[in-house]
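Asker: Let me give you the structure first, and then I'll get to my questions.
The values are calculated or read from the model by the stated rules, or taken from the named source; none is laboratory data. Since this is a predicted model, take the numbers as computed values, not measurements. Glycine also receives a Cβ, built like all others from the backbone with ideal geometry; neighbour counts cover every protein chain displayed.
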Amino acid sequence: MSILIKPIITEKANDLSELQNRFTFQVDKGANKIEIKEAVEKTYGVSVLKVNTMVYPVKRNTKHTKRGVVVGKIGAYKKAVIELAEGENIDFYSNI
């Protein structure tokens with residue numbers, strides 16, 4: 001089972017990676033900080049200083065349209081912000 005699902009690439013995440021050497025990932029909801037740290041170190045070959053995690057709840061929305069009520073939802077997920085040691089870097093764009 002993979003702990004790291006995908007990297008999160010947004011403007012805020014790019015600013016964190018450039019200025020503070022922090023990278024964000026969407027991770028498995030059952031993973032703890034130690035497992036996330038080991039997975040990042042094994043996958044990218046870097047040394048991790050800190051791991052911060054956040055669990056985002058399900059977001060539900062309702063739209064009233066001409067065809068009736070449309071209900072949607074965005075599933076819950078867990079996000080991890082990883083701080084790397086000085087001089088370490090992860091390049092997400094190297095395979096493009």
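Asker: Check whether at least one residue in region 32-39 is part of a strand (DSSP E or B) and surrounded by 13 or more Cβ atoms within 10 Å (Cβ to Cβ), and report yes or no. Before the answer, list the steps.
Answerer: Going residue by residue through region 32-39, those that are part of a strand (DSSP E or B) are none.
Among the residues of region 32-39, not one is part of a strand (DSSP E or B) and surrounded by 13 or more Cβ atoms within 10 Å (Cβ to Cβ), which makes the answer no.
Asker: Read through the list (1) exposed (fewer than 13 other Cβ atoms within 10 Å of the Cβ); (2) at pLDDT below 95; (3) not aromatic (Phe, Trp, Tyr), then give the number of the only condition that residue 57 fails.
Answerer: It fails just one condition, (2).
Asker: Which condition from (1) over 20 Å from residue 88 (Cα atoms); (2) in a strand (DSSP E or B); (3) of a type in the set (Lys, Arg) is the one that residue 6 breaks?
Answerer: Just one mismatch for residue 6, condition (1).
Asker: Using the structure shown, decide if residue 42 is over 18 Å from residue 76 (Cα atoms), in contact with an Asp or Glu (Cβ under 6 Å, 6 or more places away or on another chain) and surrounded by fewer than 13 Cβ atoms within 10 Å (Cβ to Cβ).
Answerer: Numbers: over 18 Å from residue 76 (Cα atoms): yes; in contact with an Asp or Glu (Cβ under 6 Å, 6 or more places away or on another chain): no; surrounded by fewer than 13 Cβ atoms within 10 Å (Cβ to Cβ): yes.
So residue 42 fails the test.
Condition check ((1) farther than 17 Å from residue 8 by Cβ; (2) touching a residue at least 40 places away in the same chain (Cβ under 8 Å)) across all residues:
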{"residue": "51", "(1), (2)": "no, no"}
{"residue": "63", "(1), (2)": "yes, no"}
{"residue": "67", "(1), (2)": "yes, no"}
{"residue": "72", "(1), (2)": "yes, no"}
{"residue": "75", "(1), (2)": "no, no"}
{"residue": "78", "(1), (2)": "no, yes"}
{"residue": "82", "(1), (2)": "no, yes"}
{"residue": "87", "(1), (2)": "yes, no"}
{"residue": "90", "(1), (2)": "no, yes"}
